[in-house]
Amino acid sequence: MYTISKHEMPAWAGVVVFLSFIFFMACDTEKPEVNFEEEEKSAYEAEESTENLFDVVESITTSAINVAEANTGGRIAETEDPELACATVSFDGTRESGRIAINFGDGCEGPDGRIRKGEIVVEYDGHWLTKDAKIYTVLKNFFIDDLKIEGTRILTNVSVDLESLVYMVEIIGGKVIWPDETFLTRESDRTHTWIFGNGLDDFQLHVEGVASGKTRLGVEYMSEVIQPLIFKSSCRGNTVYLPASGIKTITIPEKPVITVNYGNNDCDNKFTISIGEASKEVSI
């Protein structure tokens, strides 16, 4: 994915909040209504909430790398980047190698309206445009609202040329812990391809690959992108952070496949959930 500009940022907002209401939204009356069993609902919520939370981490990491582009070390007193504006940011290194510490302290509000607490450390080896460069994001007692997020995110530049930047993106030891100490886990292995138009602020991000984990009920699940998830800078500029198009599936043992379809390149906050012939349109 990596680091582009302050305009591409913030987290795709509100997924954790809207999940509690999602099953009461209107559905297509011409098709059977989607009725999740408990395990299916658990898997769907696990996939969507962890996807969203780690998207926040991705946005913060991107902003941190932008800081490295513009500075040569030391404490960053101020930044115009909304992702970092409420944090204390320290940078040690050069554009080719360095460490950025982003400390949100006891809590401050991010651009998505959610409270971040704790610290994120970004370390990189090689410039982000350079093949084989690696970017490590480590979470240290980091929270979004009341959810504690753990794990390490590793990006590796596998680009062939600069016409499109390609990164292998891994999440290792991903975990989200609720205040009642229930938790879910997340591992992922995906490819992020950045395709640019007329400048670094004009892009599409294509996401492919798989993720897996266990839900808060201990149910194992896997998600797979079967048509690339496409995020567009023009949509993000209008505060629409969902994919403009793409399809992924969520599977759990001995249960029907859940399909999530993000549509046909429209910049909106809608997608469709399907199980078999039953489907439901969701707006967030």
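Quick note: the coordinates plus some simple rules give every number you see, no bench work behind them. Worth saying up front: this structure is predicted, and the values here are computed from it rather than measured. As a convention, Cβ positions derive from the backbone with ideal geometry for all residues, glycine included, and neighbour counts pool all protein chains shown.
The table for this structure:
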read-out: Full-stretch length increase - residue 161, residue 80 - with 0.36 nm per residue and alpha-carbon distance subtracted; value: 26.1 nm
read-out: Label-point gap, in nm, between residue 267 and residue 177 - each point 7 angstrom along Cα→Cβ; value: 4.0
read-out: For residue 133, residues with placed amide H under 5 Å, excluding near neighbours; value: 157
read-out: Relative packing of peptides 38-51, 221-234 - highest average C-beta neighbours within 10 Å first; value: 38-51, 221-234
read-out: The range 128-284: C-alpha gyration tensor shape, a/c 1.5 cut-off, then a/b vs b/c; value: oblate
read-out: Residue 152 paired with residue 35, simple spin-label distance in nm, labels 7 Å along Cα-to-beta-carbon; value: 4.6
